[in-house]
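The values are calculated or read from the model by the stated rules, or taken from the named source; none is laboratory data. Values in this document were obtained by computation on a predicted structure and should not be read as measured data. We place every Cβ from the backbone using ideal geometry, glycine too, and count neighbours over all the protein chains shown. Quick note on the areas: whole protein, heavy atoms, side chains included, nothing else; ligands and nucleic acids left out. Shrake-Rupley method; radii C 1.70, N 1.55, O 1.52, S 1.80 Å.
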Amino acid sequence: MRILVTGGAGYIGSHTCLELLESGYEVVVVDNLCNSNMESLRRVQDLTGKTVRFYEGDVRDEELLRKIFAENQIDCCIHFAGLKAVGESVAQPWRYYDNNLNATIVLTKVMQEVGMQNLIFSSSATVYTEGNPMPLRETARTGGCTNPYGWTKYMTEQILMDLCRAEKAWSVCLLRYFNPIGAHKSGMIGEDPQGIPNNLMPYVTQVAVGRREQLSVFGNDYDTHDGTGVRDYIHVVDLAKGHVAAVKYVMNHTGCEAFNLGTGTGYSVLDLVNTFQQVNNISVPYRITDRRPGDLAVCYAAPDKSAELLGWKAEKNLADMCRDAWNWQSKNPKGYQ
Ligand code: NAD
Ligand code: WQD
């Protein structure tokens, strides 16, 4: 079976390519490298001893997609390609709506033309409306997003649900990721953000490696056990394995189904920082600052539906995530550069 992975050179995409290859799938990647480096896929090939067929280009390029489908017998597509920085999406909304929505529209149009209608989409816990009770189930209210990035995920889910209603041959999984962190145990591939990291773990690892002076902990007056924000951190390798499970699911079903990919356990910012310091025996200087606008106090998943229907469960704990994130960063202080 051959899987087309859009955005496959990126953080989650590269880990998923590796797990797909290890599970015996053939992998074709399309990526315009706007937020990634070909080096990730070179290393995936080294680690697996297998080849990835790579097309450099934009998923919005209809002719390129036709060429890829003509040259490869594709059975299923995993669609990671998208822009993902929340703050940037507020400053550049048009760029986010254009990239994230048109990529999906062009991709599904060409898939429909060639009659390959199995799709897995990278959605996010950000689609859930603020105020839902925790843990978040897939049936919780969605919408009311606080930024354009979140809206692109919400709108793409809507497009794909409508498509499945209209065209009964389609099979779509909407995978709602919680907070992916960590890296492959080899330390050869990992998260390599450009510029100042927006997310907690890459900031922590860059402080630990000496690239940044100290971490700002955004608020310690939330209604949580230590006052700092609580999230459902999930090891990126567990997340990647969730995609392999979803491939099996889409190939045997039709219609559109949403799944949470999280562990079901919430940890605070200080839980993560303390665990990181302990398991890696390294200090991470931090100071408490104001809350970051738009942040929730608590967010974690109910992962039962994924366990039941995908047969998938996260296996790695917070210590594994911290150890593997540091293994990657310490071996690659400047990322893929
Ligand atoms: P990433 O930026 O590392 O990977 C995205 C990849 O897509 C990059 O390689 C980028 O070059 C490519 N890309 C972007 N637009 C493209 C286009 N128009 N054509 C071709 N390639 C394009 O990000 P990631 O963390 O691996 O995230 C992958 C997906 O998962 C994204 O859709 C993201 O929104 C979603 N997601 C990520 C998180 C997270 O915390 N990392 C959480 C929830 C959802
Ligand atoms: C985690 C916790 C912060 C940085 C974001 C997106 C979401 C999804 C995942 C794509 C929070 C705190 C952070 C720092 C800190 N992405 N923090 N200091 O905000 O849960 O989710 O990434 O879909 O859409 O919004 O993740 O890693 O930014 O923050 O104290 O320097 O760490 O306040 O409590 P978040 P995060």
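Of note:
- Matching residues in region 190-223 - criterion: being out of contact with any helix residue (DSSP H, G or I) (no Cβ under 9 Å at 6 or more places or on another chain) and polar (S, T, N, Q): 194, 199
- Residue list for region 44-68, filter: open to solvent by 50 Å² or more (accessible area, probe 1.4 Å) and not in a helix (DSSP H, G or I): 49, 50, 51, 53, 54, 56, 60, 61
- Failed item, numbered, when residue 319 is tested on (1) within 14 Å of ligand 2 (Cβ to nearest atom); (2) open to solvent by less than 40 Å² (accessible area, probe 1.4 Å); (3) free of Cβ contacts under 8 Å to residues at least 60 places away in the same chain: (1)
- Which listed residue, of 297, 307, is within 15 Å of residue 265 (Cα to Cα) and free of Cβ contacts under 8 Å to residues at least 40 places away in the same chain: 307
- Flag if residue 282 is within 16 Å of ligand 2 (Cβ to nearest atom), touching a residue at least 12 places away in the same chain (Cβ under 8 Å) and not aromatic (Phe, Trp, Tyr): no
- Members of region 199-209 that are within 11 Å of ligand 2 (Cβ to nearest atom), over 19 Å from residue 37 (Cα atoms) and touching a residue at least 60 places away in the same chain (Cβ under 8 Å): 200, 201, 204, 207
- Where a residue in region 130-142 is more than 20 Å from residue 155 (Cβ to Cβ) and its partner, wherever it lies, is at pLDDT 95 or above and assigned to a loop (DSSP other than H, G, I, E, B), with Cβ under 7 Å and at least six apart: 134/300; 135/264; 135/300; 135/302; 137/302
- Residue selected from region 22-43 under the condition farther than 11 Å from residue 240 by Cβ and in a helix (DSSP H, G or I), by the criterion farthest from ligand 2 (Cβ to nearest atom): 42
- Of all the criteria given as (1) part of a helix (DSSP H, G or I); (2) away from ligand 1 (no atom under 16 Å from the Cβ); (3) charged (D, E, K, R); (4) in contact with a Gly (Cβ under 6 Å, 6 or more places away or on another chain), the one not satisfied by residue 291 is (1).
- Test result for residue 40, open to solvent by less than 10 Å² (accessible area, probe 1.4 Å), farther than 20 Å from residue 74 by Cα and within 14 Å of ligand 1 (Cβ to nearest atom): yes
- Whenever a residue of region 9-28 is over 18 Å from residue 179 (Cβ atoms), its partners that are open to solvent by 10 Å² or more (accessible area, probe 1.4 Å) and within 16 Å of ligand 2 (Cβ to nearest atom), lying with C-beta atoms within less than 6 angstrom and at least six residues away or across chains, give the pairs 9/36.
- Being under 12 Å from residue 236 (Cβ atoms), of a type outside the set (A, V, I, L, M) and touching a His at 6+ places or on another chain (Cβ under 6 Å) is a condition met by no residue of region 162-176.
- Yes/no for residue 21 being out of contact with any Phe, Trp or Tyr (no Cβ under 7 Å at 6 or more places or on another chain), of a type in the set (A, V, I, L, M, F, W, C) and within 23 Å of residue 105 (Cα to Cα): no
- Candidate set: region 162-182, residues that are assigned to a loop (DSSP other than H, G, I, E, B) and under 30 Å from residue 320 (Cα atoms); chosen: the one nearest to ligand 1 (Cβ to nearest atom): 178
- Entirely in region 183-273, the strands (runs of 3 or more DSSP E) that have 1 or more residues that are within 22 Å of the chain's Cα centre (by Cα) and surrounded by 23 or more Cβ atoms within 10 Å (Cβ to Cβ): 233-235, 255-261
- Residue, most open to solvent (accessible area, probe 1.4 Å), within region 96-125, restricted to residues that are within 16 Å of ligand 2 (Cβ to nearest atom) and part of a helix (DSSP H, G or I): 97
- Per this entry, residue 136 is counted among residues that are among the hydrophobic types (A, V, I, L, M, F, W, C), at pLDDT 95 or above, crowded, with 21+ Cβ neighbours inside 10 Å and more than 20 Å from residue 78 (Cα to Cα).
- Qualifying residue in region 150-161 (condition: open to solvent by 50 Å² or more (accessible area, probe 1.4 Å), over 16 Å from residue 4 (Cβ atoms) and not in a helix (DSSP H, G or I)): no
- Top-ranked residue of region 69-95 - restricted to ones that are within 18 Å of the chain's Cα centre (by Cα) and part of a helix (DSSP H, G or I), ranked as surrounded by the most Cβ atoms within 10 Å (Cβ to Cβ): 89
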